[in-house]
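Asker: Once you've had a glance at the structure underneath, I'll fire off some questions.
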Amino acid sequence: MPEPQINPWSSNQSVDVEKLFAEFGIEPISPVISELTEVPYFMRRGIVVGHRDYRPIAWAIRNKTPFHILTGFMPSGHPHLGHLMVMKEVVWHVQQGGNGYITIADREAHAVRGLSWEKCNEYGKEYLSCLYALGFEGQTYFQSKNNRLKDLAFEAATKVNFSELTAIYGFGADTDLAHADSVITQVADILYPQVDREPAPTVVPVGIDQDPHIRLTRGIAHKMRMFTIEERDGYISIRSKNAPEHALNAIKAAFPHAKKYEGHLDIKGAQCSDVSEKVRRIEREAGGFAFFTPSSTYHIFMPGLTGGKMSSSIPESIISFYEPEATVRKKVMSGITGGKMTREEQKCCGGEPDKCSLYLLNLFHMVTDDAELAEIRRKCVSGEIMCGHCKKETAERVVAFLKDFKEKMDAAAEKIEV
Ligand code: TRP
Ligand code: SF4
């Protein structure tokens, strides 16, 4: 089968962020940051780098209007530090007023990774403990146990065919149906808050590897609408895709100046936001989904301690929340750094923090104070600190962090009943 450019199920990919942005239309996050009232550290530090349609979310945060925040985890192993970023993004958005949703993608883990349902359940609960330990509030569910989700997936499946799946994921004749089913279930996950609660902007924070799912979902969300609304030269055009006639009439009644034709209406002198809102309400009343096209943010991956991606399939690359202290220390101490070959060379020329898995571990999670992080960076590039010492300090931070976090996870585990 043709190899897609981004494969969500591959564990060894290095992605060229700039190229992806240019090719797939992901936009850099920096211009949008100024629209937020409070800039989270993961945007300040360049961890979250890109987005699709984040502006409606920034707007909702500023104006305190409803929005949803959803992400998902495939329970194919213990959660580890590599999962923490996206969890923090969710918690931050909930604190900014978003309705939080977490999906445990057990269907995907079972279909794609062959995990037993028991294991999915066990790992899934661990992910939920992490989220609650971070202060998550909102709804959580396992895909396999959510019937409304599965109905929505079936409905969404009417809007996608195999040639699209081939184009996006490289699926071929040998792809099993459950794999395809897990894809459409993820589409349904992303749309679920708008069905469960109300249509509203929804943001899905993900790593870049998940963008194919985002693209597919955005297309399907659009196809599932009864109407398309387009701003044209001096007027707004509303086209019915599959709306009942009475819904078109309701729009005409809401905008008496509108010109109604066969299957479409043109409205002059109206505000697009006002038209969108009214059309959405009418669509809902007529039994439609009235989806907002979901938005997304993209974060870079924290590299694994062995370089490359943090992946459960390479145990030395990850630090899981269930790791004994001694192993944590050992892994950190043998992590790949941006240090020089010799002490002399490092003293004179300094290390390269941007290539150092431990610096990035500090940048992502271990050092919350910006000034302290800047100091580590300065000492590294100036050759003032040697890697051995720096690693030890990092190991202490990680151990302390995990101890505290594990306690919170254990306390949170009581909240979870599945
Ligand atoms: N596919 C995601 C992963 O591999 C998990 C996932 C399922 C997800 N549903 C989602 C992510 C919805 C974001 C939104 O981790
Ligand atoms: Fe990494 Fe620290 Fe070595 Fe710099 S001094 S390369 S930050 S381990």
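Just so you know, all these numbers are worked out from the coordinates, no wet-lab data involved. This one's a predicted model, so the numbers in the text were calculated from it and none came from an experiment. Note that we place each Cβ from the backbone using ideal geometry, even for glycine, and neighbour counts take in every protein chain shown.
Asker: Please report the antiparallel percentage of the DSSP beta bridges confined to the chain, to the nearest 5. Please report the intermediate quantities before stating the final value.
Answerer: Working: 22 of 39 bridges.
Of all bridge pairs located within the chain, approximately 55 percent are antiparallel.
Asker: From the residues THR337, ALA411, THR394, which one has its Cα farthest along the dipole of the range 324-418 in the positive direction, the dipole being from +1 and -1 charges on Cβ of Lys/Arg and Asp/Glu about the Cα centre?
Answerer: Checking the options against the dipole of the range 324-418, the answer is THR337.
Asker: Taking the Cα centre of each part, how many Å lie between the range 195-220 and the range 285-316?
Answerer: Rounded to whole Å, the Cα centres lie 10 Å apart.
Asker: List the lysines whose alpha-carbon lies under 30 Å from that of LYS406, not counting same-chain residues fewer than 8 positions away?
Answerer: LYS88, LYS119, LYS125, LYS145, LYS309, LYS330, LYS331, LYS355, LYS391, LYS392, LYS415
Asker: Sort 385-398, 343-356 by the packing proxy (mean of other Cβ within 10 Å over each peptide's residues), most packed first. Can you show the working numbers first?
Answerer: Details: 385-398: 17.6, 343-356: 15.9.
Taking the mean over residues of other Cβ atoms within 10 Å, the ranking is 385-398, 343-356.
Asker: When the convex hull of the C-alpha atoms of the chain is computed, what volume per residue in Å³ does it have?
Answerer: Once divided by residue count, the hull of the chain is 157 Å³.
Asker: List every residue whose amide H lies under 5 Å from the amide H of GLY207, counting only residues 5 or more places away in sequence or on a different chain, with H placed 1.01 Å from N in the peptide plane.
Answerer: Amide H to amide H, under 5 Å and 5 or more residues apart or across chains, GLY207 pairs with HIS299.
Asker: Okay, next question. Which of PHE142, PHE73, PHE154 has the fewest other C-beta atoms within 10 Å, and how do the rest follow up to the most? Could the numbers behind the result be given before it?
Answerer: Numbers: PHE142 20, PHE73 23, PHE154 13.
So the residues, fewest neighbours to most, are PHE154, PHE142, PHE73.
Asker: Name the lysines eligible as straight-distance cross-link partners of LYS252: C-alpha to C-alpha under 25 Å, and not fewer than 8 places from it in the same chain.
Answerer: In chain and number order, the partners are LYS223, LYS241, LYS260, LYS268, LYS278.
Asker: Separate question: Going by how many other Cβ atoms sit within 10 Å of their own, how do SER237, SER273, SER312 line up, fewest first? If you can, show how the numbers build up before the last one.
Answerer: Numbers: SER237 15, SER273 8, SER312 18.
Lowest count first: SER273, SER237, SER312.
Asker: Could you go through the range 330-337 in sequence order and give the Karplus-derived ³J(HN,Hα) for each residue, using 6.51 cos²θ - 1.76 cosθ + 1.60 with θ = phi - 60°, rounded to whole Hz, and x for Gly and Pro?
Answerer: So the Karplus estimates, Gly and Pro as x, are 4, 5, 5, 5, 9, x, 6, 10 Hz.
Asker: So how do SER334, SER163, SER129 line up by other beta-carbon neighbours within 10 Å, fewest first? Please report the intermediate quantities before stating the final value.
Answerer: Numbers: SER334 12, SER163 9, SER129 23.
Placing the least packed residue first, the sequence is SER163, SER334, SER129.
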